[in-house]
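The values are calculated or read from the model by the stated rules, or taken from the named source; none is laboratory data. Note that the structure is a prediction, hence the values are computed from the model and not measured. Cβ: placed from backbone, ideal geometry, glycine included. Neighbour counts: every protein chain shown. Each accessible area value is taken on the protein alone, full model and side chains, heavy atoms only, with ligands, DNA and RNA left out. Shrake-Rupley method; radii C 1.70, N 1.55, O 1.52, S 1.80 Å.
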Amino acid sequence: WQDRARQESLALGDAPLDIDALDNLDTLDRVIKEALRLLAPVPLVMRKTVTDTDILGHYLPADTLVALAPAINHYVPEYWTDPDTFDPDRFAPHRREDHSHRFAWLPFGGGVHKCIGMHFGTLEVKTILHEMLRTTHWTIPHGYHIRWDNTSLPVPSDGLPIHLNPL
C-alpha cells in the first residue's frame, strides 16, 4: 500500500499542493480511512441522558452517564467484509462498505455531533503523508505487533519502532 500511495504522490510532481491535488490521492485517502476504521481516534464518547430513556429494553433515568464506543461499528461483519483485516479497497468506489449503513464508519462521530475538524484534520494528515511518501520509505521490524495504550486516546505503548529511510 505504501508503494501504491507513493506512486500517486510522485505523479503529482513538485507543484504546490491544493485541495484538488490532495483529492487525486485516492489510494492515500483509502489507506487513511481504513486506518481510522481499524483504530478510531476517539474510541469512547461520554454522554448524559437528558430524560428518562429506554434503550433496547434497558431503562436509563435522566442524568445517567453513558459511555458509547461507536468504533465497535467498524467491526460488524454485516457491514464490513473480513473486518479484522487491513483492506483499504473496502473504501473504493466499487465497494464503498462505509456506505452499508449511515453509522457503519464514524471515526469522527456521527449526525449532529460529527467532529467539526474532520475535513481539515484529514487534509493535514494527507499532506504530511504525501510529503513523507515522496521522500521517505518507512518500515517496522518484521513480526512486530503493536500494543495500544488506551488510557485516553490510543497511542503506541512502546513508542512505535518505525525505521525511516530516505528515498
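Restricted to region 66-81, and to residues that are out of contact with any strand residue (DSSP E or B) (no Cβ under 7 Å at 6 or more places or on another chain) and among the hydrophobic types (A, V, I, L, M, F, W, C), which residue is nearest to Ser100 (Cα to Cα)? Quick ask: steps written out before the conclusion?
Applying the first criterion (out of contact with any strand residue (DSSP E or B) (no Cβ under 7 Å at 6 or more places or on another chain)) to region 66-81 yields 69, 71-81.
Next, only the ones that are among the hydrophobic types (A, V, I, L, M, F, W, C) stay: 69, 71-72, 76, 80.
Numbers: Ala69: 19, Ala71: 15, Ile72: 15, Val76: 11, Trp80: 8 Å.
Of everything passing the filter in region 66-81, Trp80 is nearest to Ser100 (Cα to Cα).
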* Just need a number here: residues in region 15-49 that are under 17 Å from Leu129 (Cβ atoms), surrounded by fewer than 18 Cβ atoms within 10 Å (Cβ to Cβ) and among the charged types (D, E, K, R). => 4
* Asked: Do we find a residue being surrounded by 13 or more Cβ atoms within 10 Å (Cβ to Cβ) and part of a helix (DSSP H, G or I) anywhere in region 102-110?
  -> no
* **Check on Gly57, surrounded by 13 or more Cβ atoms within 10 Å (Cβ to Cβ) and farther than 26 Å from Asn24 by Cβ** => no
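From the list Ala67, Ala62, Ala71, exactly one residue is open to solvent by less than 30 Å² (accessible area, probe 1.4 Å), aliphatic (A, V, I, L, M), farther than 17 Å from Gly121 by Cα and touching a Lys or Arg at 6+ places or on another chain (Cβ under 9 Å). Which is it? Show your work before the answer.
Working: Ala67 fails: open to solvent by less than 30 Å² (accessible area, probe 1.4 Å); Ala62 fails: open to solvent by less than 30 Å² (accessible area, probe 1.4 Å).
None of the others qualify; the one that does is Ala71.
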* **Single unsatisfied condition, Val76 versus (1) open to solvent by less than 40 Å² (accessible area, probe 1.4 Å); (2) modelled with pLDDT under 95** => (2)
* Asked: Only one of (1) under 22 Å from Gln2 (Cβ atoms); (2) open to solvent by 80 Å² or more (accessible area, probe 1.4 Å); (3) more than 19 Å from the chain's Cα centre (by Cα) is not met by Glu124, so which one is it?
  -> (3)
